[in-house]
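Enquirer: Could you have a look at this structure, given as structure tokens, before my questions?
The values are calculated or read from the model by the stated rules, or taken from the named source; none is laboratory data. Since this is a predicted model, take the numbers as computed values, not measurements. Cβ placement follows ideal geometry from the backbone for every residue including glycine, while neighbour counts extend to all protein chains displayed.
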Ligand SMILES: NC(=O)c1ccc[n+]([C@@H]2O[C@H](COP(=O)([O-])OP(=O)(O)OC[C@H]3O[C@@H](n4cnc5c(N)ncnc54)[C@H](OP(=O)(O)O)[C@@H]3O)[C@@H](O)[C@H]2O)c1
């Protein structure tokens with residue numbers, strides 16, 4: 001008999017995570033027996049102790065979230081390049097760890113999750129001007145996907161400038177002149193963006209909506225209300241995230257149709273979905289797809305991410 005597999009999530013303040021529900025669904029869909037634990041770590045040494053359990057065979061796979069993704073990459077013996085990344089320069093903080101023979105392998109499924117969530121929302125990035133807010137672990141993982149999906153221009157802004165500049169340099173080595181570092185707090189040049197991707201910690205966990213509003217009041221909300229860009233927030237919350245709520249308060253429309261097809265157990269038909277404004281449940285969709293990617297790396301079994309998504313959406317029932 002095959003022993004049950006043991007997976008988990010390493011991070012700080014992860015009590016709210018939806019990952020256990022997603023992986024419970026993945027176990028059910030795949031017929032694989034196993035468990036998925038939240039492994040809250042206060043500091044790097046605690047996280048390293050959990051990573052070591054992979055080498056000992058006490059765990060079979062780990063997801064890694066803020067603030068330990070860079071540590072996961074440093075600890076890994078090898079980097080598995082996500083298939084969609086065109087160049088080796090895109091080694092970046094890891095959200096997935098597992099053993100391959102006797103090597104600890106790090107990879108990232110965040111880019112896959114983003115690309116799949118954009119596809120499920122039928123967002124076509126070809127020729128679009130995209131603003132990426134945040135160049136942390138997730139921002140670094142998804143930036144190349146945005147250009148690989150055909151974005152004509154990618155502006156990257158980060159509270160601390162250096163990571164945005166470093167990321168832009170790496171992107172331009174593959175897509176010359178496509179990426180630009182943009183000063184955090186500078187609204188000029190952003191009014192005509194087609195797509196906004198939010199990938200900072202604002203709205204995540206304990207960050208209060210008032211703080212989010214104060215930190216993002218410099219964005220050109222008035223111009224965006226007049227000509228709404230698509231807003232994809234990586235953060236997920238049960239309903240509207242604080243960033244989505246802020247955008248709605250500034251007059252951007254909310255589109256919740258990304259949630260309808262998984263709940264109904266159907267596929268969204270082409271031409272059926274012209275999302276405008278805030279893509280509600282985008283963070284959940286990305287989370288489900290990155291989780292399915294990690295599950296496949298750990299087990300070799302592909303699971304239906306849409307059905308996993310249905311398990312975490314409001315209105316989910318046990319037989320979705
Ligand atoms: N839905 C999904 O599947 C998914 C997947 C991955 C991540 N995420 C979400 O994406 C977000 C970023 O995750 P991550 O892995 O990139 O985390 P991370 O590596 O810890 O990076 C944090 C990012 O947030 C920025 N930041 C933190 N506090 C800020 C503030 N007060 N004002 C402005 N910027 C601030 C940081 O800027 P500095 O460099 O200046 O510190 C950095 O860009 C999180 O909210 C996470 O939940 C979602």
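Matching residues to (1) touching a helix residue (DSSP H, G or I) at 6+ places or on another chain (Cβ under 6 Å); (2) at pLDDT below 95:
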position	(1), (2)
183	no, no
220	no, no
250	yes, no
261	no, yes
271	no, yes
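Enquirer: Okay, next question. Pull up region 3-19, narrow it to residues that are in contact (Cβ under 8 Å) with a residue 60 or more places away in the chain and farther than 14 Å from residue 64 by Cα, then point me to the one that is surrounded by the fewest Cβ atoms within 10 Å (Cβ to Cβ).
Expert: The extreme case among them is 16.
Enquirer: Suppose we keep only residues that are assigned to a strand (DSSP E or B) and in contact with a helix residue (DSSP H, G or I) (Cβ under 8 Å, 6 or more places away or on another chain) within region 37-54. Which one would you say is farthest from the ligand (Cβ to nearest atom)?
Expert: Step by step, filter region 37-54, then rank; the result is 37.
Enquirer: What's the number of the only condition in (1) over 22 Å from the mean Cα position of the chain (by Cα); (2) under 15 Å from residue 7 (Cβ atoms); (3) outside any loop (DSSP other than H, G, I, E, B) that residue 72 fails to meet?
Expert: For residue 72, the failing item is (1).
Enquirer: For the list (1) outside the structural domain of residue 27 (by TED's automatic domain parsing); (2) away from the ligand (no atom under 16 Å from the Cβ), I need the number of the one condition that residue 57 fails.
Expert: (1)
Enquirer: Every residue in region 214-243 that is farther than 21 Å from residue 113 by Cβ, outside any loop (DSSP other than H, G, I, E, B) and away from the ligand (no atom under 12 Å from the Cβ), please.
Expert: Residues satisfying the conditions are 221, 222, 223, 224, 225, 226.
Enquirer: Collect the residues in region 20-46 that are within 21 Å of the chain's Cα centre (by Cα) and either more than 26 Å from residue 234 (Cβ to Cβ) or free of Cβ contacts under 8 Å to residues at least 40 places away in the same chain (or both), keeping them in residue-number order.
Expert: Result: 20, 36, 37, 38, 39, 40, 41.
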